[in-house]
Every structure is written in C-alpha cells, then in structure tokens.
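The values are calculated or read from the model by the stated rules, or taken from the named source; none is laboratory data. What you see is a predicted model, and the numbers here were worked out from it, not measured in a lab. Here Cβ is always computed from backbone atoms with ideal geometry, including for glycine, and neighbour counts include all displayed protein chains. Note: accessible area is taken over every heavy atom of the protein model, side chains too, but ligands, DNA and RNA are not part of it. Shrake-Rupley method; radii C 1.70, N 1.55, O 1.52, S 1.80 Å.
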Amino acid sequence: MATTRRPMVAGNWKMHGTRATARVLGGDVGRRHEDARVELVLCPPLVHVGVVAEALGQSPVALGAQNLARWTDDGAYTGEVSGAMLADMGCRYVLVGHSERRALLGDEDAVVAEKFAAAQAARLLPILCVGETLEEREAGRSLDVVGAQLRAVIDHCGVAALADAVLAYEPVWAIGTGRTAAAEDAQEVHAHLRCLVAEQDAKIAGSLRILYGGSVKPGNAAELFAQADIDGGLIGGASLNAGDFLSIAQAAAQTQSH
Ligand code: 13P
C-alpha cells in the first residue's frame, strides 16, 4: 500500500548530558540534517530544552519533551511542567507513556491518558509509547498489552485525537538491551495497532505514523523501516551520537514510499 505518511525519526536523549553537550549535539543535528523526506525530532532532558531550541535556531528539526504534567492550568504542582510551558519553550512534540515512566514513575494507563489530553490541550503533538515486557511477550500477550495501552487513550480522548498524534511501539525488552525486535515481529504489532485504530476510523489509521523503538542502530534501521507499517523510529542510545542518529534518519528517508 502506498502511503503519504512522512517518516519521522525522534531522538529520546533520556537523562543524559550537560548544557554544553546538549548544545553541541543539538547544533550538530540541526546543521547536518537536510533531507526533507524525513521529519526529525529531538527530545532532550527538560532542563536542556531551551539550550537545544537555541542551538537548533531556524533548523527544520523539531523539538520535543520527554514528559509533561497531567494538569493543564498553572497551580500548586511542585516540580511539574505543563504542556503550555513546553509549547512556550518551542516544543512541538512530547513523549507520553514511555515504558521507563510507566515502570518507574507511576505513569499508569489512566495517567498516560490524562497526559495525552493535556498535551493536546496545549497544542503539542503527543508521541504515545506502548510496549510489552519480556514476560508478556513470552506469554503470547504482546498484542493484548499494546492494544489495552492504546485503548486507554482512545477511551479517554476519542479516536479523533489520534489525528494529531504519533504512536510508538517500544517493546520493553528491546530498550537499551541491544536486542531489537525482528522486523517481522515489530511489523505484526504495528499492523495490529493500525488495525485497532482502523476499526474506529480508517482515515486516521491510514495517516497515523507508528514509530518503532528499541535498540535501533544504523545497522538495523533500514530493515525495520522497510516494513509497511513502520513509519520511522524512536531512538534512545544511538540518538546521543549525531552521526548515528542522522544515518538512522537517512534510512527512514530512503524507505519513504513502501
Ligand atoms: P534505545 O534506542 O536505547 O534502546 O532506547 C529506545 C527508547 O526507549 C527510546 O525512547
């Protein structure tokens, strides 16, 4: 099926770096990215978002955050940062439901759904992350688990909300482990996710970008991105190196029309 989905490659820097390294990495990616076939996004640690925004300047590389508060209005929420504040800093995207936040920081399905809604209330585009653990995969429950994670957001926000969002499938056992999902296994999950959306709205399903994340490297990116329902990647470790990140972006650009 030919699609008009523009591939996206997003870098999740997680909790790495200083202002100085963030400035260099952001500036490097911003200057060297010149292939309009792929959309690039950088998600630095929150405290470095301003520095990276400056380093990117007029570059077409978009800025994203790794998290936001589930509350929309200013108020007594010590330590939290709202979607409106992120938008004000120049963010266009925000990760929601990353597995590290689900596992370590209490972002259960209901919280994820609220954060998704809070992002859209601030006109940010949420990148909703879903993924199963190794135990769940071995029990044959991968499709059920990711389906339930997606459904929690659809139930709260409505399927139409997915028109202004990106989905990311990140199997927990593949994150930071060097163990990537086989391209066909990832494709099976991506197709399932798209199918779930299509049951409610075929048009939105057809245009929804679904990224794969979990040990994506320059050497395995092309095979993953060649799959019909994989529209790019959410990159952790390899996004901390500008050359690796840009070479993954290039792999996405080259597989634009499946
Ligand atoms: P790695 O690419 O380091 O496996 O991380 C993936 C990820 O969690 C991106 O959000």
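Tabulated data
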read-out	value
Rounded if a/c under 1.5, otherwise prolate or oblate - segment 130-258, Cα gyration tensor axes	oblate
Solvent-accessible heavy-atom area per residue, rounded to whole Å², over the chain at 1.4 Å	44
Positive-end residue of Trp13, Ser215, Ala55, charge dipole of the chain with Cβ unit charges	Ala55
Taking all pairs of distinct alpha-carbon atoms in segment 92-169, Kirkwood radius in angstrom	12.5
Shape call, the chain: gyration tensor on alpha carbons, a/c limit 1.5	rounded
Accessible area in the full protein assembly, largest first, 1.4 Å probe, for Arg19, Arg137	Arg19, Arg137
For Gly213, distant residues with modelled amide H under 5 Å away	Tyr169, Glu170, Leu234
Solvent exposure, largest accessible area first (probe 1.4 Å, DNA, RNA and ligands not counted), of Trp13, Trp71, Trp173	Trp71, Trp173, Trp13
Relative contact order, percent, the chain [alpha-carbon distance under 8 Å, six or more residues apart]	23
Projected area, mean over directions - segment 59-208, Cα convex hull, nm²	9.8
Amide H contacts of Gly90 (H built 1.01 Å from N, under 5 Å, at least 5 apart or other chain)	none
Local net charge near Glu132, Cβ-Cβ under 9 Å (Lys/Arg +1, Asp/Glu -1)	-1
Residue among Gly178, Ala226, Ile154 farthest towards the positive dipole end of segment 102-258, charges placed on Cβ	Ala226
11 Å beta-carbon shell around Gln66, net charge (K/R +1, D/E -1)	+1
Cβ-based net charge around Arg37, under 13 Å, with every Lys or Arg adding one and every Asp or Glu removing one	-2
Descending Cα extents along the principal axes, segment 32-142, whole Å	47, 41, 21
Shape metrics for segment 26-93, restricted to C-alpha atoms - Rg then Dmax, Å	13.2, 43
With every protein chain in place, the chain: carbon and sulfur % of accessible area (1.4 Å)	50
Computed E for Gln58/Arg19 - FRET, C-beta separation, R0 22 angstrom, nearest 0.05	0.60
Extension reserve of the Ala226-Thr4 stretch, reckoned as 0.36 nm per residue once the Cα distance is removed	78.5 nm
Accessible area in the full protein assembly, largest first, 1.4 Å probe, for Arg102, Arg123, Arg31, Arg70	Arg123, Arg31, Arg70, Arg102
Calculated from backbone phi, Karplus (6.51, -1.76, 1.60) coupling profile of segment 155-161 in Hz, x at Gly/Pro	4, 7, 10, x, 5, 4, 4
Residues whose placed amide H lies under 5 Å from that of Gly11, excluding near-sequence neighbours	Val41, Leu42, Cys43, Ile235
